[in-house]
Amino acid sequence: MERGLMKSDINTKFLRRLQRTGKRSIRRRNFPEWFHGIAIFLLLFFTFSRIMWYNYMIPTVDQKEDILIVEPKLMFGLPVDSFHVEENSVRPNESLSDILTDRGVSSVVIDKIAHLPKSVFDLRKMKVGNDYAVFYSRDSLRKPLFFVYSENMVNYYTYDLSLDSCKVIPGKNELTSERKVVSGTINSSLWNAMKENNLDPMLAIQLSDLFQWSIDFFAIQKGDHFTVLYDQEYVKGEKLGIGTIHAAIFNASGQDFTAIHFEQEDGQSYFDEQGRSIRKEFLKAPLKMFRISSRFSAARMHPILRIVRPHFGVDYAAPTGTPVYTIGDGVVLSKTYQAGGGGNFLKIRHNSVYTTTYMHLSKFGAGIQAGSRVKQGDLIGYVGATGLASGPHLDFRVFMNGFPVDPLKLKSPPANPVTPANKANFMSVRDKLLKELKGSKSSSTKKRSSI
């Protein structure tokens, strides 16, 4: 009995010992898991902190203000900092061969350049006073590598002076334009109005060409005025010339003449506010510079014959050699010499209704023959005093259905108007341009473009 009790106590103690051992074992197994959790947390925290520090200290792509990008300075498309550059201009009697020889370019290279295609640029057309630049290597040898000739402010030609790749490459300087609105009033002449308002004198020529079908610019009066919206073009900060005239209003003798620039399928042209072409079938006059010395008359005293007889034309006094242009498209019916009258004489048929004659020419335009087709504004001859003439002038006459009419009173029909399909677009362009033209005295919206 006692031995049974003792055995039971021993088993009980043994079980309790196993339980205590198991609990200690469980605690030992749980301790590393807890430690691992803390370790992983600390590792993640440390890693995240390092990433944040790295992003803060190192600029990203978006931090553009911290990155300095230096663009190379270009001259004729070549990086100036990579060369020694010499700029000069062509002297009298100086050829490209002279220029290159003086700078140590071999005769072999010069000969190869001389045989480059003349379709790109003909070296014989180099002009005295035009600029050029020579690009040398930056090392101590200062070897000439490129020669650049400027034909004008826009076009230039780069010659590669290396023996293996000797060639010429055409290039163009960048063109910038400034959109401007300017106005002026005539006090004496359109040309003087440009000078008085500090405007480009070429604008006078552009306006006279634009309104040549409607306005006689040799009869404009004091007080006539104009407003023009156009592009002033520049190259390297210097004025190049007048670009596109977008819109213009010219008031002559109290009447407004409007020109709106618009493009449709048959090309770019100018129209009035109603969409009618301002280009007429006939020019206002066959000369650009003249003085009317005698008008259309049924009874005029002839300056040489000293008898009264009809003068069915208009005499335009101008210096000998002044260009004469046909007032409209047509075919030359007659090219002859009238010894006792018109001297060098041309007759042009424009259509089934109108013909024109041009007399006392000093000489005819190149290629003008009987049967030649001419376009409005083509050069057909030059003012002279041939035939029966007291001085250099052009006797100009217009015939309608064979009968003489006063050229100064000729009502010329306009060319094609804006098409119905383009009318809505034209009206939108018209309203925008006229608002800009009438609403601002000047503007300086600059833009760049390639030529």
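The values are calculated or read from the model by the stated rules, or taken from the named source; none is laboratory data. Not measured: the values here are computed from a predicted model. Please note: Cβ atoms are built from the backbone with ideal geometry, for glycine as well, and neighbour counts cover all protein chains shown. Surface areas here come from the heavy atoms of the whole protein model, side chains and all, with no ligands, DNA or RNA. Shrake-Rupley method; radii C 1.70, N 1.55, O 1.52, S 1.80 Å.
Worth a mention:
- The residues of the range 206-230 that are among the charged types (D, E, K, R) and buried (at least 20 other Cβ atoms within 10 Å of the Cβ) amount to a single one, ASP224.
- Test for PHE262: is it part of a loop (DSSP other than H, G, I, E, B) and touching a Ser or Thr at 6+ places or on another chain (Cβ under 8 Å): no
- Residue that is surrounded by the most Cβ atoms within 10 Å (Cβ to Cβ), among those in the range 143-168 that are within 21 Å of the chain's Cα centre (by Cα) and part of a strand (DSSP E or B): TYR156
- Top-ranked residue in the range 372-395 [being among the aliphatic types (A, V, I, L, M) and buried (at least 20 other Cβ atoms within 10 Å of the Cβ); ranked as nearest to LYS409 (Cα to Cα)]: LEU394
- A single entry from GLN255, GLN212, GLN232 fulfils the requirement of being over 26 Å from the mean Cα position of the chain (by Cα) and of a type outside the set (D, E, K, R): GLN255.
- Pairs meeting the criteria (first residue in the range 213-226 and closer than 21 Å to LEU283 by Cα and among the β-branched types (Val, Ile, Thr), second residue at pLDDT 85 or above and assigned to a loop (DSSP other than H, G, I, E, B), beta carbons under 7 Å, at least 6 apart or on different chains) are ILE220/ILE186.
- Residues of the range 107-122 include at least one that is farther than 30 Å from ALA252 by Cα, in contact (Cβ under 8 Å) with a residue 12 or more places away in the chain and within 26 Å of the chain's Cα centre (by Cα).
- If you filter the range 404-426 down to residues that are crowded, with 16+ Cβ neighbours inside 10 Å and outside any strand (DSSP E or B), you find that the one that is nearest to the chain's Cα centre (by Cα) is PHE426.
- Some residue of the range 439-451 being at pLDDT below 90, part of a loop (DSSP other than H, G, I, E, B), open to solvent by 50 Å² or more (accessible area, probe 1.4 Å) and of a type in the set (Val, Ile, Thr): yes
- Criterion: of a type outside the set (Val, Ile, Thr), touching a residue at least 60 places away in the same chain (Cβ under 8 Å) and open to solvent by less than 20 Å² (accessible area, probe 1.4 Å) - qualifying residue of LEU190, LEU175, LEU203: LEU175
- Some residue of the range 216-223 being within 17 Å of SER183 (Cβ to Cβ) and in contact with an Asp or Glu (Cβ under 9 Å, 6 or more places away or on another chain): no
- Test: PHE217 is touching a strand residue (DSSP E or B) at 6+ places or on another chain (Cβ under 9 Å) and not in a loop (DSSP other than H, G, I, E, B): no
- Highlighted here would be strands (runs of 3 or more DSSP E) found entirely within the range 306-371 that include at least 2 residues which are open to solvent by 40 Å² or more (accessible area, probe 1.4 Å), within 20 Å of ARG291 (Cβ to Cβ) and at pLDDT below 85, but there are none.
- GLU196 vs. criteria out of contact with any Lys or Arg (no Cβ under 9 Å at 6 or more places or on another chain), among the acidic types (Asp, Glu) and more than 28 Å from ARG276 (Cα to Cα): yes
- Whichever residue in the range 387-412 is out of contact with any strand residue (DSSP E or B) (no Cβ under 7 Å at 6 or more places or on another chain) and closer than 15 Å to LEU283 by Cα and, among such residues, is modelled with the lowest pLDDT: LYS411
- The residues of the range 255-296 that are acidic (Asp, Glu), free of Cβ contacts under 8 Å to residues at least 60 places away in the same chain and open to solvent by less than 70 Å² (accessible area, probe 1.4 Å) amount to a single one, ASP272.
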